[in-house]
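**Student:** Take a look at the following structure, please.
The values are calculated or read from the model by the stated rules, or taken from the named source; none is laboratory data. Since this is a predicted model, take the numbers as computed values, not measurements. Glycine gets a Cβ as well: all are built from the backbone with ideal geometry, and neighbour counts include every protein chain shown.
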Amino acid sequence: MIKVTVWNEYKHENPNREKRDEKAIACHPNGLHETVAEIVRELGEDKVSVRTAWLEQPEHGLTEEVLNDTDVLIWWGHMSHHLVDDAIVERVYNRVLDGMGLIALHSAHYSKIFKKLNGTTCSLKWRDGAYERIFTVKPAHPIARGIPEHFELGIEECYGEFFDIATPDDVIFQGWYDIGEVFRSGCTFTRGYGKIFYFQPGHETNYAFQNVYVRKIIQNAVEWCYSDVKRPYSDAPQIKTTLEAIRLENAEGDYLKHF
Ligand code: ZN
């Protein structure tokens with residue numbers, strides 16, 4: 001069972017907010033976190049359990065208890081990255097090092113947690129909506145399972161290169177826009193024991209999350225980001241004695257008697 005937490009800043013599409021965006025509400029009537037949670041739930045009740053959390057909850061909904069019970073955290077944020085408490089970012093960061101998976105969607109490229117994990121600005125070239133086609137450039141990767149060599153995404157907010165991220169372990173998807181931009185749309189990283197996937201589609205007023213291949217990629221990513229290596233990274237014991245010394249001691253000196 002993979003325990004997934006979907007985190008959303010929940011601003012654009014929050015119906016209780018004064019500056020709400022009616023178009024975003026139309027795309028995500030129950031909040032963007034529910035749109036994404038629904039995609040993950042399609043993996044089946046026997047495979048995943050899904051909870052949601054958002055910015056305005058106490059501790060942004062990411063208490064120690066919740067994070068300790070999360071195998072894969074999915075993050076969507078856009079206008080309120082700066083309101084995410086640094087102490088919570090540190091907590092998420094340490095959990096990733098300990099082996100929790102992280103999927104950063106779309107504008108989460110500028111989230112504090114993604115920037116911290118990259119160690120770069122994560123800036124990119126932004127343009128308004130354009131027609132996007134996505135190419136699978138690493139077809140053998142588990143996240144590309146069931147995805148054709150390319151698919152039509154349609155109108156999506158345009159992200160272009162240069163995308164200032166750390167060199168990815170793998171670039172799995174490449175986006176092409178009809179206004180002449182390209183973008184590394186799907187990239188993986190590892191930090192500590194944790195696996196990370198960045199995926200570019202998912203602007204709040206477009207319908208990327210309805211695309212069958214986008215849904216499948218997110219589902220594949222949840223499975224790939226899951227790791228059964230879960231141990232405190234920061235508390236890794238400092239080995240003061242060499243492994244050879246330990247082996248010889250365990251052999252009670254018998255080994256040395258031969259010399
Ligand atoms: Zn956007």
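**Student:** I need a count of the residues in the stretch 197-226 that are within 16 Å of the ligand (Cβ to nearest atom) and charged (D, E, K, R).
**Tutor:** The qualifying residues number 1.
**Student:** What are the residue pairs meeting all of these: first residue in the stretch 196-210, first residue in contact (Cβ under 8 Å) with a residue 60 or more places away in the chain, second residue within 10 Å of the ligand (Cβ to nearest atom) and aromatic (Phe, Trp, Tyr), Cβ atoms under 6 Å, and 6 or more apart or on different chains?
**Tutor:** Matching pairs, first to second residue: Gln200/Tyr159.
**Student:** Out of the residues in the stretch 62-71 that are under 17 Å from the mean Cα position of the chain (by Cα) and not polar (S, T, N, Q), state the one that is nearest to the ligand (Cβ to nearest atom).
**Tutor:** Leu62
**Student:** Checking the structure you have, find out if any residue of the stretch 94-104 is farther than 19 Å from Trp224 by Cα and either within 16 Å of the ligand (Cβ to nearest atom) or buried (at least 20 other Cβ atoms within 10 Å of the Cβ) (or both).
**Tutor:** For the stretch 94-104, residues farther than 19 Å from Trp224 by Cα and either within 16 Å of the ligand (Cβ to nearest atom) or buried (at least 20 other Cβ atoms within 10 Å of the Cβ) (or both): absent.
Every residue, every condition in (1) free of Cβ contacts under 8 Å to residues at least 60 places away in the same chain; (2) within 16 Å of the ligand (Cβ to nearest atom), yes or no:
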{"site": "Glu34", "(1), (2)": "yes, no"}
{"site": "Val48", "(1), (2)": "no, no"}
{"site": "His60", "(1), (2)": "yes, no"}
{"site": "Leu73", "(1), (2)": "no, no"}
{"site": "His78", "(1), (2)": "no, yes"}
{"site": "Asp85", "(1), (2)": "yes, no"}
{"site": "Val89", "(1), (2)": "yes, no"}
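**Student:** Could you tell me whether the stretch 131-145 includes any residue that is in contact (Cβ under 8 Å) with a residue 12 or more places away in the chain, surrounded by 21 or more Cβ atoms within 10 Å (Cβ to Cβ) and charged (D, E, K, R)?
**Tutor:** yes
**Student:** State which residue is nearest to Ala108 (Cα to Cα) when the search covers only the stretch 121-130 and only residues that are at pLDDT 95 or above and surrounded by 14 or more Cβ atoms within 10 Å (Cβ to Cβ).
**Tutor:** Ranking the candidates gives Cys122 first.
**Student:** Go through the stretch 178-194 and count every residue that is buried (at least 19 other Cβ atoms within 10 Å of the Cβ) and among the β-branched types (Val, Ile, Thr).
**Tutor:** Number of matching residues: 1.
**Student:** Also, quick follow-up: Tell me, yes or no, whether the stretch 14-32 has at least one residue that is in contact with a strand residue (DSSP E or B) (Cβ under 9 Å, 6 or more places away or on another chain) and not in a loop (DSSP other than H, G, I, E, B).
**Tutor:** Yes, the stretch 14-32 contains at least one residue that is in contact with a strand residue (DSSP E or B) (Cβ under 9 Å, 6 or more places away or on another chain) and not in a loop (DSSP other than H, G, I, E, B).
**Student:** Among the residues of the stretch 195-206 satisfying the criterion of being surrounded by 18 or more Cβ atoms within 10 Å (Cβ to Cβ) and in a loop (DSSP other than H, G, I, E, B), which is farthest from the chain's Cα centre (by Cα)?
**Tutor:** The residue in question is Asn206.
**Student:** Looking for something charged (D, E, K, R) and touching a strand residue (DSSP E or B) at 6+ places or on another chain (Cβ under 6 Å) - is there at least one such residue anywhere in the stretch 97-117?
**Tutor:** No.
**Student:** Could you tell me whether the stretch 109-117 includes any residue that is touching a His at 6+ places or on another chain (Cβ under 7 Å) and within 16 Å of the ligand (Cβ to nearest atom)?
**Tutor:** yes
**Student:** Please state which of the following conditions Lys125 fails to meet, knowing it meets all the rest: (1) in contact with a Cys (Cβ under 7 Å, 6 or more places away or on another chain); (2) within 16 Å of the ligand (Cβ to nearest atom); (3) basic (Lys, Arg).
**Tutor:** So Lys125 meets the others, but not (1).
**Student:** Can you pull out every residue in the stretch 167-194 that is over 17 Å from Leu105 (Cβ atoms) and either assigned to a loop (DSSP other than H, G, I, E, B) or within 16 Å of the ligand (Cβ to nearest atom) (or both)?
**Tutor:** Thr167, Asp169, Tyr177, Asp178, Ile179, Gly180, Glu181, Gly192, Tyr193
**Student:** Let me ask something additional. Identify the single condition in (1) of a type in the set (D, E, K, R); (2) away from the ligand (no atom under 16 Å from the Cβ); (3) not in a loop (DSSP other than H, G, I, E, B) that Asp164 does not satisfy, given that it satisfies every other one.
**Tutor:** Result: Asp164 passes all but (3).
**Student:** Looking at Glu42, Glu22, Glu9, Glu59, which is the one that is of a type in the set (D, E, K, R) and over 29 Å from Phe183 (Cβ atoms)?
**Tutor:** Glu59
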